[in-house]
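Asker: Can you keep this structure in mind? I'll have questions shortly.
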Amino acid sequence: MLKAVTGLEGGVVASGSTCGVVTGGALALALMNDATLKEGDLPAERDLLTVSGDYLNWFTQHFGTTRCRDRTGIDFYKRTGQLRYLLPGDRVARCLFHIGRAVGALIPYIQKGLPPIDYSSQAEAQTEPMHCARLVLESVREKTGIGDRLLERSSIVFDGGVGLKGGICGALVGALMAVNILYGTNIRQMSYFRIVKAFLVGHQNLLADSTRGTPEAFGVGKNILQEFRHRAGATECREITDKAFGDWQDFQGYISTAEKCKDLISFAAEMASEAIEKWK
């Protein structure tokens, strides 16, 4: 899981979209409830999307926006932007503060679990619901043998642009997490020196025209993000679909018939599989 989320930093491959504190927090909620998700409990999936959306609402209320670039004012694809983020240190400190506040807001969910939600007034969702990121991850695993079931279950929080809020596209996130199972970093198994080195190499690759040397999360991820944006016209769900989802039912009704989304899911899975096969 830690390796898979490497590329979500800086608004997903440092592109300024949905903040890594937001995507990481949503995944944390999924991990807290994995025992229920593992049972294939459909109401639990719907409840998790609702709780994830509530977390995004909390984040927006406290910090103004869930978009990294809007919060930091930083363009990580420019050398001046990277330097401004690190120096004199106020932007880094603010991000660390937001991480601390987010963890504090998430911890109570360990005890609370998922709230009971009354779906009696809603029509039943299709028997086999569609999940953008999960479909990509499952497809990549079938094509390459590289995958993780826990990651696949947790990835449903990216439906509809994370908690149905229109942020970063779930298909794109699925592709990036799939390749980072190979190329990402597990900081729990790395020395401080290696962590800093990986950070510097990754951000240097954001500035370079082409990635050199050993493939890593940001070099590989940048290419996937650029190709996806070219195909989709955008990287955020609200811009791709031109729609704001009201709830789980609304999202499932849309994605089950949206040919553009189905095409992007297939495209994302193919890109990730090719990147994995190239180097694995």
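Asker: Give me the distance in nm between label points sitting 7 Å out from Cα along the Cα-to-Cβ direction at LEU2 and THR214, one decimal.
Answerer: 1.7
Asker: Another question about this same structure. Can you list residues from other chains, or at least 5 along the same chain, whose modelled amide H is less than 5 Å from the amide H of GLU9?
Answerer: Amide H neighbours of GLU9: ALA14.
Asker: Would you mind checking the pairs LYS3/LYS262; LYS3/LYS197; LYS143/LYS278 and listing those with alpha carbons more than 23 angstrom apart?
Answerer: Table pairs above 23 Å Cα-Cα are LYS3/LYS262.
Asker: Taking the Cα atoms only, what angle lies between the long axis of helix 217-232 and the longest principal axis of the chain, rounded to 10 degrees?
Answerer: The helix 217-232 is inclined about 50 degrees to the chain.
Asker: Among PRO88, PRO129, PRO43, which one shows the highest mean-square fluctuation when the chain is modelled as a Gaussian network with alpha-carbon springs under 10 Å?
Answerer: PRO88
Asker: Then there's this: Please turn the phi angles of region 144-154 into ³J(HN,Hα) values with the Karplus equation 6.51 cos²θ - 1.76 cosθ + 1.60 (θ = phi - 60°), one per residue in order, whole Hz, x for glycine and proline.
Answerer: Each residue's phi maps through the Karplus curve to give 10, x, 9, x, 8, 5, 4, 4, 4, 5, 5 Hz.
Asker: Contour minus end-to-end for ARG188 and TYR254, with contour as 0.36 nm per residue of separation and end-to-end as the Cα-Cα distance?
Answerer: 19.8 nm
Asker: Before anything else, pin down the relative contact order of region 201-271: Cα pairs under 8 Å, at least 6 apart, normalised by residue count, whole percent.
Answerer: The normalised contact order for region 201-271 reaches 21 percent.
Asker: Using modelled amide H (1.01 Å from N, peptide plane; none on Pro or chain starts), what sits under 5 Å from the amide H of THR18, excluding residues fewer than 5 places away?
Answerer: Under 5 Å from the amide H of THR18 lie the amide H atoms of CYS68, ILE168, each far enough along the sequence or on another chain.
Asker: Working from the alpha-carbon coordinates of region 202-249, get Rg over Rh, Rh being the Kirkwood radius.
Answerer: Over the Cα atoms of region 202-249, Rg/Rh equals 1.18.
Asker: Can you list the GluC sites (Glu not before Pro) in region 1-86 that are in a DSSP coil and have 13 or fewer other beta carbons within 10 angstrom?
Answerer: Counting only loop positions with at most 13 other Cβ atoms within 10 Å, the GluC sites (Glu not before Pro) in region 1-86 are GLU39.
Asker: I'd like the Karplus ³J(HN,Hα) series for region 6-23: coefficients 6.51, -1.76, 1.60, θ = phi - 60°, whole numbers in Hz, and an x wherever there's a Gly or Pro.
Answerer: Residue by residue, region 6-23 yields 3, x, 8, 5, x, x, 6, 6, 6, 8, x, 7, 4, 4, x, 5, 6, 5 Hz.
Asker: For region 155-280, just say rounded, prolate or oblate: build the C-alpha gyration tensor, square-root its eigenvalues into a ≥ b ≥ c, call rounded for a/c under 1.5, and beyond that prolate if a/b exceeds b/c, oblate if not.
Answerer: Note, shape of region 155-280 comes out prolate.
Asker: Build a GNM of the chain with springs between Cα atoms under 10 Å: which of ASP41, ASP75, ASP148 gets the top mean-square fluctuation?
Answerer: ASP41
Asker: Top mean-square fluctuation among SER266, SER15, SER191, Gaussian network model of the chain, C-alpha springs under 10 Å?
Answerer: SER191
Asker: Okay, moving on. Please report the Cα spread of region 164-220 along all three principal axes, rounded to whole Å, starting with the longest.
Answerer: 38, 30, 18 Å, listed from the longest principal axis down.
Asker: Quote to one decimal, in nm, the extra length available between ASP34 and LYS278 on full extension: 0.36 nm per residue of separation minus the C-alpha distance between them.
Answerer: 84.6 nm
Asker: Further, regarding this structure: For the chain, what does the relative contact order come out to in percent, with C-alpha contacts under 8 Å and a separation of six or more?
Answerer: 26
Asker: Please sort by residue number the trypsin sites (Lys or Arg not before Pro) in region 1-109 whose DSSP state is loop and whose Cβ has at most 12 other Cβ atoms within 10 Å.
Answerer: LYS78
Asker: In whole Hz and in residue order, list the ³J(HN,Hα) couplings for region 202-208 that follow from phi through the Karplus curve 6.51 cos²θ - 1.76 cosθ + 1.60, θ = phi - 60°; x for Gly and Pro.
Answerer: Each residue's phi maps through the Karplus curve to give x, 6, 5, 5, 5, 8, 7 Hz.
Asker: Separate question: Over the C-alpha atoms of region 222-274, what are the Rg and the largest Cα-to-Cα span, Dmax, in Å?
Answerer: 11.9, 35
Asker: Same structure again: Determine the sum of side-chain charges near THR36: Lys and Arg each +1, Asp and Glu each -1, restricted to other residues whose C-beta is under 11 angstrom from that of THR36.
Answerer: Net local charge, THR36 excluded: -3.
Asker: Now for a separate question. Binning every alpha carbon pair distance of the chain at 10 Å from zero, what are the percents per bin?
Answerer: Per 10 Å bin, starting at zero, the Cα-Cα P(r) for the chain comes out as 7, 30, 38, 20, 4, 0 percent.
Asker: In region 120-226, how does Rg compare with the Kirkwood Rh, expressed as the Rg/Rh ratio over alpha carbon atoms?
Answerer: 1.07
Asker: Hey, another quick one. What angle do you read, to the nearest 10 degrees and between 0 and 90, between the alpha-carbon axis of helix 259-279 and the longest principal axis of the chain?
Answerer: Around 40 degrees separate the two axes.
Where a number appears in this text, it was derived from the coordinates with a stated rule and is not lab data. For clarity, every value in this text was computed on a predicted model and none was experimentally measured. Because the Cβ atoms are built from the backbone with ideal geometry, glycine has one as well, and the counts that use them run over all protein chains shown.
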